Amino acid sequence: MTRSFGLVDYKVQEAEYFLLELVRVAKRIDFGAVQFCASAFVSAARSVTFAMQSSLKGLHAFEDWYAPRQEKLRNDSLARFFHDFRTVTQHIGVNVVGGGSHGNDGTYYYFVPCPDLPKVPELDVLSACNEYFVSVLQLVFDCYVELGPIVDGQQYSTAENFHALGKTIADAEEELGMLRNWTDIGRPDTEPYRWELLRRQADGCDIEVQFERWLGRYLPRPPKLPPYQPQRLTIKDHMLNWAYFPRSDKPTFLVRAVVKAFEESHPSITSEEHTLPSNAVLAHVAPQLAELGFSVETGKKKAEKIRVPVLYGNNGRIAKAFEADAHHIEGKLVVEVEAGRAVLNNQFLKDLFQACMMDDIDYLAIAVRNVYEAASAKNPDFERVVTFFETMYASNRMKLPLQGILVIGY
């Protein structure tokens, strides 16, 4: 649009203001006040369609929509009168509000013909102005309904409209001045809430009150969503699942590469079909991790283990170190693979605390079973670990020295 459609809303509000003022002063005998308000009203009301045309100039959809309606206005006697009324009062100075009556049934004012405007409505001034305002307001309402995504930011910022435009919610964020995926917290079920949040930042219609008051009509609006309740994670046992924390951060390239390494080995390690110990799971993913530049534990002998420094003693010697299943020095990431003890014995917490104390480590990846069966009971280990980190980050009471935590469910 060449200009904001908000200009139309402004002229509607201006016209309504002078119409309501006309209603107020018309209750008493005051020709001057009625003439002033009628002149101001017709000037504002006639400007509504001017503002509409100027803001949507050059848009073929608007021109096709407006052409038959413009022709209808030209053939409407009341619309034609107000067009001419504005011309003579603005360009010549003549005001045709010149007659009136007062009695038990009230005070009425009437238009009186003049050489420059020989045809005037039989309706009294207030009734004619009311009828004309409603017709103009109906035209604006129809424009909001039929060209909604063009003129109304609320109707524009919807999943359906962006899908029709071949765009995504990330494009909507960018158009509103945000970073792409700024509102993405990593949960697919939040997308309707993301759109609702974006609509709060978008422009909208400022005259919905007028539509309700004068027309008894309402613009199409998406229903207000209930308060968001995080869905309980549904774990598909046959799938590799993963979650990255904090939810507000995008996983790094190396983190995504670790996920891919587990995905490639997943048919051989999935807890739906296998009950492998953690060492066997690590052995399956070790070749892919090594290709990424990880040092990977190859056995239980001291030389085969991966030790990450924690404390240094005299002369810079390592005084204390913790073991990790895999370590990427440049990426500052350690990987820990767990099996049956991950949740039952809180092994994942030990992994977390040790990673927090390791020198020059910014990222931790913990792999656990999707489901661990013990004593004929299925324990959703991945879900429980994810829930723990969801709660920890949401509470914001514990500040970790780690930049990111990856949880993998196999």
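Rule-based calculations on the coordinates, nothing more; no lab input. Only a predicted model underlies this, so the values are computations on that prediction, with no experimental measurement involved. Every residue, glycine as well, gets a Cβ built from its backbone with ideal geometry; the counts of neighbours run over all protein chains shown.
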What dipole magnitude, in Debye to the nearest 20, does region 241-409 give about its Cα centre under +1 on Lys/Arg Cβ and -1 on Asp/Glu Cβ?
540
If I histogram all Cα-Cα distances within the chain using bins 10 Å wide from 0, what percent of pairs lands in each bin?
4, 17, 18, 13, 10, 9, 9, 8, 7, 3, 1, 0
GluC sites (Glu not before Pro) within region 321-410, DSSP loop, no more than 15 other Cβ atoms inside 10 Å:
Glu330
FRET efficiency, Lys378 to Ala164 (Cβ-Cβ, R0 41 Å, nearest 0.05)
0.40
Most fluctuating of Asn161, Asn314, Asn370 in the GNM of the chain (C-alpha, under 10 Å) is Asn314
Going Cα to Cα from Lys72, which aspartates and glutamates come in below 19 Å? Please leave out same-chain ones fewer than 8 positions away.
Glu63, Asp64, Asp84, Glu131, Asp142, Glu146
Determine the gain in length on full extension of the stretch Thr391-His60; use 0.36 nm per residue of separation and subtract their C-alpha separation, reporting nm with one decimal.
113.9 nm
Ranked by GNM mean-square fluctuation in the chain (Cα springs under 10 Å), the top entry among Arg46, Arg221, Arg341 is Arg221
Cα-Cα over 21 Å: which of Lys250/Lys378; Lys332/Lys399; Lys301/Lys332; Lys250/Lys320; Lys300/Lys320?
Lys250/Lys378; Lys301/Lys332; Lys250/Lys320
With axes computed from alpha carbons, what is the tilt in degrees of helix 191-201 against the longest principal axis of the chain, rounded to the nearest 10 within 0 to 90?
50
